[in-house]
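Notes to accompany the following structure.
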Amino acid sequence: MKHLYNKIKPVGKRAIIAIDTNSKGKHIIKGEDGKDVEMYVAHEYSWDGKVSNYTQATLLTDFKNLKAGTDVLIYHNGLNDEFQLPINDVPPYIKVYTIESQFVYFGIQGEDVICLDGFMLAERIYEEPYKGNIIVTEQKKKESMLKIIGKPESITDYEIGDIAITYKYADYEVIHSVGGKQKTFIRLKHSDCLGKIN
């Protein structure tokens, strides 16, 4: 697809992306003998749009501080048929779309996640487990508190390691596949932050 890099120009605050329609279902697991085994997981029947819809794409245009060819994480409801572009010289399993810039959250290079303007990477904070004779199987998460584990340079009022106080439902999970392995990230909008604890 390199022949399409920066050939189509987006209009307004948009990016041009390519979706590999096979990527969501392919997973690689290690067999008992240490060899990689490719497995297909059917996501299309899930009620959860974050699981069944596309959340990962490849940039076909330079976007913010990312170059064309970089993988990105996108909003699971950010695409529909109206945004698909009629590009014929791509394999049948590739779809090309235009997407609003506010729906592109992170760049991915290898195992590294690159935060884009307005979005931070966070992890949930859990209460200390109960100590005693009762066995608690599930930790209780602290409501409206997230630990910052990644941020763009443009966000200066938070540092990595700070605890952000947020709106109640600000911990938005992004599910995607990197190298055939399913991963989950917590995307935190800077505008959903109310305060911080150092």
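For D171, which of the numbered conditions (1) modelled with pLDDT of 90 or more; (2) farther than 20 Å from T58 by Cα; (3) surrounded by 17 or more Cβ atoms within 10 Å (Cβ to Cβ) fails to hold? It fails just one condition, (1). If F119 meets every condition in (1) more than 11 Å from R187 (Cβ to Cβ); (2) at pLDDT 80 or above; (3) of a type in the set (F, W, Y) apart from one, which number is that one? All conditions pass for F119, except number (1).
What about G110, is it modelled with pLDDT under 85 and at positive phi? Please lay out each step first, then the result.
Working: modelled with pLDDT under 85: yes; at positive phi: yes.
When the stated conditions are applied, G110 passes them.
Do we find that V104 is modelled with pLDDT of 85 or more, within 21 Å of Q182 (Cα to Cα) and among the aliphatic types (A, V, I, L, M) in this structure? The answer is yes for V104.
Do we find that K50 is under 23 Å from E173 (Cα atoms) and either at pLDDT 80 or above or not β-branched (V, I, T) (or both) in this structure? For K50, the condition - under 23 Å from E173 (Cα atoms) and either at pLDDT 80 or above or not β-branched (V, I, T) (or both) - is met. If you go through the range 149-168 one residue at a time, do you hit one that is at pLDDT below 90 and in contact with a strand residue (DSSP E or B) (Cβ under 7 Å, 6 or more places away or on another chain)? Yes. Taking the criterion of being surrounded by 13 or more Cβ atoms within 10 Å (Cβ to Cβ) and modelled with pLDDT under 90, the residues of the range 75-89 that qualify are Y75, H76, G78, L79.
Residue check: A18 meets all listed conditions (1) small (G, A, S); (2) at pLDDT below 90; (3) not in a loop (DSSP other than H, G, I, E, B) but one, namely (2). Confirm whether G107 is out of contact with any helix residue (DSSP H, G or I) (no Cβ under 6 Å at 6 or more places or on another chain), within 22 Å of C193 (Cβ to Cβ) and small (G, A, S). When the stated conditions are applied, G107 passes them.
Within the range 89-105, is there a residue that is assigned to a loop (DSSP other than H, G, I, E, B), over 22 Å from the mean Cα position of the chain (by Cα), without any contact (Cβ under 8 Å) to a residue 40 or more places away in the chain and closer than 30 Å to N22 by Cβ? If you could, list the steps in order and put the result at the bottom.
Filtering the range 89-105 for residues assigned to a loop (DSSP other than H, G, I, E, B) gives 89-93.
Filter again for over 22 Å from the mean Cα position of the chain (by Cα), leaving 89-92.
Restricting the remaining residues to those that are without any contact (Cβ under 8 Å) to a residue 40 or more places away in the chain gives 91-92.
Next, only the ones that are closer than 30 Å to N22 by Cβ stay: 91-92.
Looking through the range 89-105, at least one residue is assigned to a loop (DSSP other than H, G, I, E, B), over 22 Å from the mean Cα position of the chain (by Cα), without any contact (Cβ under 8 Å) to a residue 40 or more places away in the chain and closer than 30 Å to N22 by Cβ.
The values are calculated or read from the model by the stated rules, or taken from the named source; none is laboratory data. No experiment lies behind these values; they were computed from the predicted model shown. Note that each Cβ is placed from the backbone with ideal geometry, even for glycine, and that neighbours are counted across all protein chains shown.
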